[in-house]
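Asker: One structure coming up, written as structure tokens, with questions to follow.
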Amino acid sequence: MKKRIVVTGMGIVSPIGIGVNENWERYLSGISGIKEFETEGIDTKTYAGKVSDNELETIIPEAIKDKKDRFTLFALAAAKIALHDANIDKGFNKEKIGVFIGSAFSGLNIIEKQIKILYADGPRRVHPLLMQNNLTNAPSGEIAIEFTLQGPNIGFSSGACSGNYSIIHAFNTIQQHDVDAIVAGGTEAPLCPRVFQELKQKGSFHQTNHSLNRASCPFDIDRKGFVLSEGAGVIVLETLRSAEKRGAEIYGELIGFGASYANHEDASQQNSDFYSKVSCIKQALESASLDPANVDYIAASGISGIREDREESAVIRSVFGENASKVPVGSTKGSLGFAIGASGPIDVIFSLVSLKKQVLMQTNNLENIDPSCNSIFLLKKPEFKSINTILSNNFDYNGNNISLLFKRV
């Protein structure tokens, strides 16, 4: 018999705060975590979503702050909040709790810093734990060590879908193996010169003299590209039976998912991105045996990309048909920016809070809807409405796509 998998714990680290309630309240109030940001090699005005070091220090002890890369610290903080939320010490065997965490850029911060030290001061001054701190599985390993979780432990790296791939794999692992729970999510700390320089060359991210409050404006006619940000989103998944037995609070049930990839290298595959994303959403709907008409809200990927937002609007229109103008759509990126591999799990958490509180999230900074995105129902303000199902899209600008479907329990 197929197991029903639910979410019982959640933790967020983002540019607008640390903790789920803090993020939710600030987001609904329209607060943005995007600020002006200076970085080497970029001579134009740059914006980024940076996590507050002062807030991070309230969760992470000073003693370990300088011993781990920033992406690991974010994951540790988010996991600590999620595990406390799930009441991990009640009814769980820690030998059967796994940790799956994804990241696109991994420990790039520590690599850049240590390369500078290498050239300036020589190899003897390089951090002795450089390689250990740089590994993609460093966050999952550190979480397991910190909380003595002894189940399967994996680090995932697949671009902006890294975090959500960990959630899919967690779902499948609980279905197929004898584990009690999986701590899953994504973490990212990409605010370093190498990343900014690469994205500038590609022309992917926002680099104009837009006013600060218009830097990231998904689906808006004035959007100029995405704003890079950092953070982490971590959830705890377990079976419905386990959650009910423990008396745990249930935020929602993962009922379906889809995953796809578009080949950007093959020029003969025109519109491959579009069809790949359509396929991704359809897979999610089919795996959940859900008709598109029964989706109550779409948490869009909506990264504020010029091409990406336009394409996602067309994808939603293609899958949902005439109903596309009725099902509400929103994106968090106007306040949070695009946290690459952490963006998917962060959106999942916002979606689950929406289900729990029965509130539809708005798209912050959306003032003038791009006519090419006007075929979908974009929310400019939050709405209180009865909702049972949410589709959460996580589309990577490099071809990876994941769609997750959650249901109220």
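The values are calculated or read from the model by the stated rules, or taken from the named source; none is laboratory data. Since the structure is predicted, the reported quantities are computational estimates derived from the model, not experimental observations. Because the Cβ atoms are built from the backbone with ideal geometry, glycine has one as well, and the counts that use them run over all protein chains shown.
Asker: Restricting attention to the stretch 196-224, and to residues there that are assigned to a loop (DSSP other than H, G, I, E, B) and surrounded by 21 or more Cβ atoms within 10 Å (Cβ to Cβ), which single residue is modelled with the lowest pLDDT?
Answerer: Once the filter is applied, the top-ranked residue is His206.
Asker: Test of understanding: among Ile298, Ile349, Ile387, which residue is in a loop (DSSP other than H, G, I, E, B), assigned by TED's automatic domain parsing to the domain that holds Ile281 and either among the β-branched types (Val, Ile, Thr) or within 20 Å of the chain's Cα centre (by Cα) (or both)?
Answerer: Sole residue among the options that is in a loop (DSSP other than H, G, I, E, B), assigned by TED's automatic domain parsing to the domain that holds Ile281 and either among the β-branched types (Val, Ile, Thr) or within 20 Å of the chain's Cα centre (by Cα) (or both): Ile387.
Asker: For the stretch 21-32, state whether one or more residues are surrounded by 24 or more Cβ atoms within 10 Å (Cβ to Cβ) and closer than 29 Å to Leu149 by Cβ.
Answerer: yes
Asker: Would you confirm, using the coordinates I've provided, whether Ala144 is modelled with pLDDT of 95 or more, out of contact with any Asp or Glu (no Cβ under 6 Å at 6 or more places or on another chain) and closer than 30 Å to Tyr27 by Cα?
Answerer: So Ala144 does not fit the description; no.
Asker: Under 20 Å from the mean Cα position of the chain (by Cα), of a type in the set (Asp, Glu) and either outside any loop (DSSP other than H, G, I, E, B) or farther than 13 Å from Glu230 by Cα (or both): does that describe Glu38?
Answerer: No, not satisfied.
Asker: Condition test on Pro292, is it touching a helix residue (DSSP H, G or I) at 6+ places or on another chain (Cβ under 8 Å) and surrounded by fewer than 24 Cβ atoms within 10 Å (Cβ to Cβ)?
Answerer: In short, yes.
Asker: Within the stretch 175-195, can you find the residues that are surrounded by fewer than 17 Cβ atoms within 10 Å (Cβ to Cβ) and either at pLDDT 90 or above or more than 22 Å from Gly49 (Cβ to Cβ) (or both)?
Answerer: If the condition is that a residue be surrounded by fewer than 17 Cβ atoms within 10 Å (Cβ to Cβ) and either at pLDDT 90 or above or more than 22 Å from Gly49 (Cβ to Cβ) (or both), then Gln175, Gln176, His177, Asp178 are the ones that fit.
Asker: Suppose we filter Asp121, Asp89, Asp69 for residues that are among the acidic types (Asp, Glu), in contact (Cβ under 8 Å) with a residue 40 or more places away in the chain and either within 14 Å of Ala184 (Cα to Cα) or out of contact with any Pro (no Cβ under 7 Å at 6 or more places or on another chain) (or both); which single one remains?
Answerer: Only one candidate qualifies: Asp69.
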